[in-house]
Amino acid sequence: MGFLRIRTTVDERPGRLASLATALAERGGNILGLSVQPDTDGTVDEFVADIPASPEAVRAALESAGGRRVQVVAATAHELTDEPTRALLLASRLRAAPWRLPELLAELLRADDARWVYGDAVRDLPDPTLLIVPVAAKRAIKVRRSELPFTLTEAARAASFVRLAQPAADPVGTERRVRLADGTEVEVRPLTAIYREAVKDLHDRCSPESRRFRYFTSMPALPPRVFERLCDRTRGHSIVAGHDGQVVALASLMFTPDPGIAEMAVLVEDRRQGRGLGAALARMLVQEARDLGFAEVRATLLSDNTRMRRLMISLGATLSYTEDPGVVEARLAVGALV
């Protein structure tokens, strides 16, 4: 048959990728390219293969191997180029001609069409073959690709690509200031070992309910091993908010074994809650996740944590129940955050 681009969603279980590769090999397929991307209900595996079998035969083979929503479209030898190299070349072209952003974005995503949209047209679309990429308030690019739906990872790539065409932001140091709804200003800094006692005091001042919402247990004291993990930059990025010499909030973005996914959690001192501090810290973490190349941020919440549920929904997250009826999972595609 020739070159094919093959995409399928699979459950996140060990051995699934090997099963798919075996199914393609049994049909005489030679895998020439592979990418693994997180999605809302599993992992999307995408292959570029030289295979003599028909698209229908390939689809049936992968469905038998555990694949879901299998899509097979024709590909060309041009699609065998190294993806990081191709993206860097497109980035170089964009820096030289930022006015060509829609055209180059379409080329990056191998889309059929990309065009500016304004005003009320800048909104999420239910059609998975359409992608809205925010550029500024009330301005975005709508990208269309008829044959293959867009994944969360592609949305994150698009958001990062768009930022190359935007004016450089003012230099930001490690310290940032946030003004709360009541006019109070807090300083936000990266968490380091120097804040050990201040974070301990924060936990002491928090109510058992606030600690339960954060750790799923009232945890009267923060164990040293947990604090060390939060400080470990190889395992995640955490920030603290301070006011009047005290740490009043702690927010963490932790890396996970799932490709492209980070886990977020926030703890705000009781008397500072309801003033917008948690939302401000959450936005900082999501923006940092985008800068680090993550496609999705998740938060695992107790179902009665209504304040955090509202916060995640305000950021654009979707909520779903887990196997535990008392636990809710929030999932946020970082590319959608302006």
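The table that follows gives values for the structure above.
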| read-out | value |
| --- | --- |
| Most to least accessible of ILE6, ILE31, ILE194 (protein chains only, probe 1.4 Å) | ILE194, ILE31, ILE6 |
| Å² of accessible area per residue within the stretch 16-121, as computed with a 1.4 Å probe and no ligands counted | 51 |
| Sequence ranges 277-287, 223-233, ranked by mean other-Cβ count within 10 angstrom, highest first | 277-287, 223-233 |
| Apportionment of accessible area to carbon and sulfur, the stretch 154-299, percent (1.4 Å) | 51 |
| By average C-beta atoms within 10 angstrom, highest first, the peptides 245-253, 200-208, 181-189 | 245-253, 200-208, 181-189 |
| Charge dipole magnitude, Cβ of K and R +1, D and E -1 - the chain, Cα centre, debye nearest 20 | 760 |
| Accessible area (Å², 1.4 Å probe, nearest 10) - HIS237 | 20 |
| Shape parameters for the stretch 280-338, alpha-carbon atoms, Rg then Dmax in Å | 11.5, 34 |
| Two-site label geometry, ARG179 and ARG93: point separation in nm, points 7 Å out along Cα→Cβ | 4.4 |
| Peptides ranked, highest mean first, by Cβ atoms within 10 Å: ranges 211-219, 45-53 | 45-53, 211-219 |
| Per-residue [θ]222 nm for the chain (sum of -39500 (n - 2.57) over DSSP H runs n ≥ 4, rounded to 500) | -9500 deg cm²/dmol |
| Per-residue ³J(HN,Hα) for the stretch 80-90, Karplus 6.51 cos²θ - 1.76 cosθ + 1.60, θ = phi - 60°, Hz, x for Gly and Pro | 8, 5, 5, 4, x, 5, 4, 5, 5, 5, 5 |
| Using a Förster distance of 25 Å, the FRET efficiency for GLU209-GLN287 (Cβ separation, nearest 0.05) | 0.30 |
| Inter-label distance, nm, simple model (7 Å from Cα along the C-beta direction), ARG189/GLU107 | 4.6 |
| Sequence of LEU319, LEU152 when ordered by accessible area, the most exposed leading, probe 1.4 angstrom | LEU319, LEU152 |
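The values are calculated or read from the model by the stated rules, or taken from the named source; none is laboratory data. All figures in this text were calculated on a predicted structure; none of them were measured in a lab. As a convention, Cβ positions derive from the backbone with ideal geometry for all residues, glycine included, and neighbour counts pool all protein chains shown. What goes into the accessible areas is simple: the full protein's heavy atoms, side chains included, and nothing from ligands, DNA or RNA. Shrake-Rupley method; radii C 1.70, N 1.55, O 1.52, S 1.80 Å.
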